[in-house]
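Inspection log for the structure reproduced underneath, given as structure tokens.
The values are calculated or read from the model by the stated rules, or taken from the named source; none is laboratory data. All values derive from a computational prediction rather than experimental measurement. Using ideal geometry, Cβ is built from the backbone for each residue, glycine included, and neighbour counts are taken over all protein chains shown.
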């Protein structure tokens, strides 16, 4: 019997991992539009986990915006920083349909776009 060097074992392990990932990728691409695999599960996860985290992000973003305001006034980037630090978290928290993690507003556009 022959012994494999550690380098050869690592090479074979990486090759096996890449082949496995290549086989799984098409199956992942064919999944439906849900995160948990169940629309109701997505709604519960959104309500219990994502919305409270979004609320905290909105508060922290607003605080960060207020702290950065003197600097953004000087640089003329108040609108952009307001959109990034305040607008996006608030939109993601309050303007998304429950359970939809990708689209915001009535027109269902991608979240974060103006």
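Evaluate the following for residue 107: is it loosely packed, with under 13 Cβ neighbours inside 10 Å and in a loop (DSSP other than H, G, I, E, B)?
yes
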Selected residue (criterion: farthest from the chain's Cα centre (by Cα)) from residues of the range 75-104 that are assigned to a loop (DSSP other than H, G, I, E, B) and closer than 17 Å to residue 58 by Cα:
95
Can you pull out the residues in the range 35-51 that are surrounded by 12 or more Cβ atoms within 10 Å (Cβ to Cβ) and either in contact (Cβ under 8 Å) with a residue 60 or more places away in the chain or in a helix (DSSP H, G or I) (or both)?
35, 39, 41, 42, 43, 44, 45, 46, 47, 50, 51
Hey, residue 23 hits all of (1) outside any loop (DSSP other than H, G, I, E, B); (2) modelled with pLDDT of 90 or more but one; which does it fall short on?
(2)
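Check whether at least one residue in the range 65-74 is part of a loop (DSSP other than H, G, I, E, B) and surrounded by 12 or more Cβ atoms within 10 Å (Cβ to Cβ), and report yes or no.
no
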